[in-house]
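A short worksheet on the structure shown next.
Nothing in this text is a laboratory measurement; each read-out follows from the coordinates by a stated rule. All values reported here derive from a predicted model rather than from experimental measurement. We place every Cβ from the backbone using ideal geometry, glycine too, and count neighbours over all the protein chains shown.
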Amino acid sequence: MKRLINILALALISFSASAQAFSTALDTEKKPWTGIPHISGDDYKFIVLPDKTGGDDIGVFEQAIRDINRLAPDFVINVGDLIGGYFTDVKYCERDWNDILGRLKALDAPFFLVGGNHDLTNQLQTEDFKSRFGVTYYSFSIGPDLFLVLDSEEHGGRSVSDAQVEYFKGILEGWNGRHIYVFMHSPLWAPQNHGGYEYIAPMLQGHQYTVFSGHTHTYYYEQRDGMDHFILATAGGDSERRGQLMGEYDHIMMVSARDGKPAIANIPIGSLVPNDIVDKNTMPTVMWMASGRYVSAPYIMLDSQAPEEFDIELVVKNPFRERMSFGVSFPEDSALEFSQPHIEGVVTSESEKTYKVTVKNPAGIEPGKINARMSCSYNLKGTEQKVDGKLNILTDYVRHISKGGKLTIESKDHYDISESWDWHGIDDGWFEFDVELIGKALAVTVRTHDDIRALDRVTVYVESGDRKYEESFEPESAVFRLPLKNIKDGKFLLNIGFTDNDDPEEGDPSVLWWRPRSRQGTFVIDRQ
């Protein structure tokens, strides 16, 4: 029993040592952090927060805190410049520090402070900083790693004092841990070690270390002696924000401490996608936008094959309570001329609008399919979301056929394509067909053109009055016959489908329809 108790005691001591991975020799009553991280083991992660002030773009810092909370680091450390600074009256220090510390209460993780030139502008602000946080430079350890926080703003800025050099010399002498993380506001290492840092830098040689700094509001990375050195950009601080390649953007830096080299990732502020980005409230709107049903055009049946002019009616629908913005654009390179080449507007809650567009056909071409562009947008979770789509408007005309006559129709621009990702254009597959009257029968002959023939099928659908006929067969025998007595009043509807099955073992085949599956071509048998 005594041996068992000893074993349990040793286990508890071991657990306590690993759970208390944080340690420091700092003995001041006030501390430059908001809490102690509770880390078990040697692997952990922390966030480095860039400059907030020198501008303080409204809302960016708060978004950074929301992003950090979602990443759930063990702690956060900044590179200076949390307050406006350049004060000559301590009451302004009180105001700004109360403001920023109040905003930091929304942070779930402990926060470690690094003083910047806005925080430590002059002796008044430096003394105020010490009264709040104890010191302006310090060190601590987490497991096998050492953290050095420099005050780069001594002696009027951009330098470290002799006392600070001696302090870090005492910390580094004899240290033989895993990795050193060095933090300072002004990058005293760039372009070359200066301002007293030339005495600290040699102390780091022989160790694995990473250096983080800020101040310039422009991102920069450099390897020195094989070690990573960073200047972070901003987390709301003043910047023209001309883009990541310019080094001008708001970001946070996540560091995953581990055996070997730490993993470091820059994360633009606001780039994390919320877990509820699409939920039960927005899903119906999202599906509606994606479906393209917000704009519809009727199947246009023309009196003649190539009319000089015809009309298109566009119906724009909004079934939701939120307003919908939309746009429709007709092709500019078409031989057709549109009275309204571009239409845009707003459809209010649960309503619809109808627009009439007159189409002129000066070249006398068969209109066929008109490929227009369309878009709609809704405000989703506070952001205007726009979705682009295609609007295919099909025009058709009555085709006349007489006994002994034959109509040959090519179908390369298929109107309706099922499983379209399986079909790769007319080089992959297309078809043509003949419609003719032979004796007392209607004959439809389908010829397919396919690069790969694998279980392909042809479907012929005929409807006349209340009678419907459908037949499916292999392309080699693709001839459909129907006695004329089954065609009522000499009128029938016809549609052809071609199943292009390139790979029967992988996925569904593409099905190419000459006309929409719900709308067939109209034919009339002329009397003689």
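Results, tabulated for the structure shown:
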item: Least to most buried among L148, L113, L204 (fewest other Cβ within 10 Å first); result: L204, L148, L113
item: Between 0 and 90°, nearest 10: helix 60-71 axis offset from the chain longest Cα axis; result: 90 degrees
item: Relative contact order (percent, whole number), the chain, Cα cutoff 8 Å, 6+ residue spacing; result: 10 percent
item: The range 283-396, relative contact order [Cα under 8 Å, separation at least 6], %; result: 32 percent
item: Förster radius 22 Å - calculated FRET efficiency between Y220 and H155, Cβ distance, rounded to 0.05; result: 0.35
item: ³J(HN,Hα) computed for each position of the range 192-201 - Karplus, 6.51 cos²θ - 1.76 cosθ + 1.60, integer Hz, glycine/proline x; result: 8, 4, 7, x, x, 5, 5, 8, 7, 3
item: FRET efficiency, Q205 to E350 (Cβ-Cβ, R0 56 Å, nearest 0.05); result: 0.20
item: Debye log10 I(q)/I(0) at q = 0.21, 0.32, 0.34 Å⁻¹ for the range 75-116, Cα point scatterers; result: -0.71, -1.17, -1.21
item: Per-residue Cβ neighbour rank within 10 angstrom, fewest leading, I487, I277; result: I277, I487
item: Stokes-Einstein D for the chain, Kirkwood Rh over Cα pairs, 25 °C, 0.890 mPa s (µm²/s); result: 82 µm²/s
item: DSSP-assigned coil residues among GluC sites (Glu not before Pro) in the range 458-521, each with at most 15 further Cβ atoms within 10 Å; result: E505, E506
item: Gyration tensor verdict on the range 398-525 (Cα atoms; rounded if a/c is under 1.5, prolate if a/b is larger than b/c, oblate otherwise); result: prolate
item: Debye log10 I(q)/I(0) at q = 0.15, 0.19, 0.22 Å⁻¹ for the range 283-396, Cα point scatterers; result: -0.65, -0.94, -1.17
item: Computed lengthening from D89 to K406, 0.36 nm per intervening residue step minus Cα-Cα distance; result: 104.4 nm
item: Distance in nm between pseudo-label sites at S131 and E337 (7 Å out along the Cβ direction from Cα); result: 8.2 nm
item: Debye intensity ratio I(q)/I(0), log10, the range 40-268, q values 0.11, 0.13, 0.16 Å⁻¹ (C-alpha model); result: -0.51, -0.74, -1.16
item: At 0.890 mPa s and 25 °C, Stokes D of the range 218-316 from Kirkwood alpha-carbon radius, µm² per second; result: 126 µm²/s
item: Nearest 10 degrees, 0 to 90: helix 2-19 Cα axis against the chain principal axis; result: 80 degrees
item: Rough spin-label spacing in nm, given labels placed 7 Å along Cα→Cβ, for N281 and L172; result: 5.3 nm
item: Extended-chain gain in nm, criterion 0.36 nm per residue less alpha-carbon gap, N392 and D434; result: 12.6 nm
item: The range 99-218: C-alpha gyration tensor shape, a/c 1.5 cut-off, then a/b vs b/c; result: oblate
item: Loop-resident sites, the range 272-338, for GluC sites (Glu not before Pro), counting at most 11 other Cβ within 10 Å (DSSP); result: E308, E332
item: Y378 long-range amide H proximity, modeled H, under 5 Å; result: Q385
item: Sequence-distant residues sharing a close amide H with S152 (under 5 Å, placed H); result: H185, S186
item: Derived scalar couplings ³J(HN,Hα) [the range 438-447; Karplus, 6.51 cos²θ - 1.76 cosθ + 1.60; whole Hz; x for Gly, Pro]; result: 10, x, 10, 9, 8, 10, 10, 10, 10, 10
item: Ranking of S213, S377, S351 by count of other Cβ atoms within 10 Å, fewest first; result: S351, S377, S213
item: Relative contact order for the range 40-268, counting Cα pairs under 8 Å that sit 6 or more residues apart, in percent; result: 24 percent
item: Helix axis angle, 123-133 relative to the chain longest principal axis, alpha carbon, degrees; result: 80 degrees
item: Whole-Hz ³J(HN,Hα) from phi, Karplus 6.51 cos²θ - 1.76 cosθ + 1.60, for the range 284-290, glycine and proline x; result: x, 5, 4, 5, 5, 5, 5
item: For G157, residues with placed amide H under 5 Å, excluding near neighbours; result: none
